[in-house]
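Peer 1: Let me give you the structure first, and then I'll get to my questions.
The values are calculated or read from the model by the stated rules, or taken from the named source; none is laboratory data. Just so it is clear, the structure is predicted and the values come from calculations on it, not from any experiment. Counting neighbours? That spans all protein chains shown, and the Cβs are built from the backbone with ideal geometry, glycine included.
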Amino acid sequence: MSEPTPLKATPHKVIPLRPLRPLPNLIFASRWLQLPLYLGLIAAQAVYVVHFLVELAHLIEAAFGSQTALQALITSIGYKTSTPIVSLNETVIMLVVLALIDVVMISNLLIMVIVGGYETFVSRMDLEGHRDQPEWLSHVNASVLKVKLATAIIGISSIHLLKTFINADNYTDRVLIAQTAIHITFLLSALAIAYTDKVMSAIAAQKH
């Protein structure tokens, strides 16, 4: 009995890419119109860095007894008391640190929008193998980006709400209730986005 003839492996056919017709090429190239938007966000990031350094410098100067820096901090955080503040206290320090954390979290949000948005909607950045490639960028898409942005917004809203509660004497009950309601709305929106993304991913997996 003769052995069956082994099947020859056929190489995959490489389909050459056809050049786009003029109108589709123009429409596809229109994605580069977003480039000035991302460059503008980079400029906004630089403004936040300057603001962070100025606030940090005021905090350090106030810690060494500078009244000018202390008053600048009190004005920036909107802290008011019935008695004048002549030196740093725990509440002022906490409010300033929360403000600095707020700047950092907004900066992180800007980075996610700039890097993730450019990678998703404009052009590949070819960061594969780069030692500093963000872990989340390897599987980023529009849905993942929306969930991450919603999570970042909740974190920023939490910082703002905490700052308000610490400085609650300077706010009316209406403002406190409104900020709490807005934070809950952000939370529910993020949950809805995450649930929708989960459902869509499950539907896509079933189709494949």
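Peer 1: Give Q34, Q67 a once-over and let me know the one that is polar (S, T, N, Q) and in contact with a Gly (Cβ under 9 Å, 6 or more places away or on another chain).
Peer 2: Going through Q34, Q67 in turn, just one is polar (S, T, N, Q) and in contact with a Gly (Cβ under 9 Å, 6 or more places away or on another chain): Q34.
Peer 1: Being more than 10 Å from the chain's Cα centre (by Cα) and of a type in the set (S, T, N, Q) is the filter; apply it to segment 150-165 and report the residue that is modelled with the lowest pLDDT.
Peer 2: The qualifying residue modelled with the lowest pLDDT is T164.
Peer 1: Out of all the residues in segment 159-173, is one or more farther than 30 Å from T83 by Cα, without any contact (Cβ under 8 Å) to a residue 60 or more places away in the chain and either polar (S, T, N, Q) or out of contact with any Gly (no Cβ under 9 Å at 6 or more places or on another chain) (or both)?
Peer 2: The answer is no; no qualifying residue exists.
Peer 1: Within segment 82-140, count every residue that is outside any helix (DSSP H, G or I), free of Cβ contacts under 8 Å to residues at least 60 places away in the same chain and among the polar types (S, T, N, Q).
Peer 2: Total satisfying the criteria: 5.
Peer 1: Do you know which residues across segment 1-47 are at pLDDT 90 or above and either assigned to a loop (DSSP other than H, G, I, E, B) or at positive phi (or both)?
Peer 2: Selection gives nothing.
Peer 1: Of everything in segment 63-81 that's in a loop (DSSP other than H, G, I, E, B) and in contact with a helix residue (DSSP H, G or I) (Cβ under 9 Å, 6 or more places away or on another chain), which residue is surrounded by the fewest Cβ atoms within 10 Å (Cβ to Cβ)?
Peer 2: Of everything passing the filter in segment 63-81, K80 is surrounded by the fewest Cβ atoms within 10 Å (Cβ to Cβ).
Peer 1: Hey, another quick one. Identify, from the list L88, L95, L109, the residue that is surrounded by 17 or more Cβ atoms within 10 Å (Cβ to Cβ) and more than 31 Å from the chain's Cα centre (by Cα).
Peer 2: None of the other options fit; the residue is L88.
Peer 1: Right, next: Among the residues of segment 166-174, is any at pLDDT 90 or above and assigned to a helix (DSSP H, G or I)?
Peer 2: Yes, some residue in segment 166-174 is at pLDDT 90 or above and assigned to a helix (DSSP H, G or I).
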